[in-house]
Amino acid sequence: MIEKTEIGDHLPDNGRVLVTLRNGKISALRTAHDDEHLASLKSLFELAELSGFTIVEKDKTKV
């Protein structure tokens with residue numbers, strides 16, 4: 001685990017980084033690549049709908 005005050009030592013000079021915190025300490029860092037898009041599930045659905053896709057919820061009834 002990395003202390004929050006030490007994060008600068010672990011960040012790249014350029015780019016985007018995903019940070020995971022657990023109990024106030026950094027448990028993971030991951031560099032986001034240039035060909036990756038980071039978004040919430042809601043944003044992904046909105047983008048899909050803007051692109052002409054229809055989001056359909058799976059039928060919850062079981063046979």
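Can you find, within segment 2-27, the residue that is surrounded by the most Cβ atoms within 10 Å (Cβ to Cβ) among those that are over 19 Å from LEU38 (Cα atoms) and of a type in the set (Gly, Ala, Ser)?
Among residues in segment 2-27 that are over 19 Å from LEU38 (Cα atoms) and of a type in the set (Gly, Ala, Ser), the one surrounded by the most Cβ atoms within 10 Å (Cβ to Cβ) is SER27.
Any idea which residue in segment 6-20 is modelled with the lowest pLDDT, counting only those that are closer than 11 Å to THR31 by Cα and aliphatic (A, V, I, L, M)?
The extreme case among them is LEU11.
So if I check each of GLU49, GLU57, GLU36, which one is of a type outside the set (A, V, I, L, M, F, W, C) and outside any loop (DSSP other than H, G, I, E, B)?
On inspection, the qualifying residue turns out to be GLU49.
The values are calculated or read from the model by the stated rules, or taken from the named source; none is laboratory data. Since this is a predicted model, take the numbers as computed values, not measurements. Cβ: placed from backbone, ideal geometry, glycine included. Neighbour counts: every protein chain shown.
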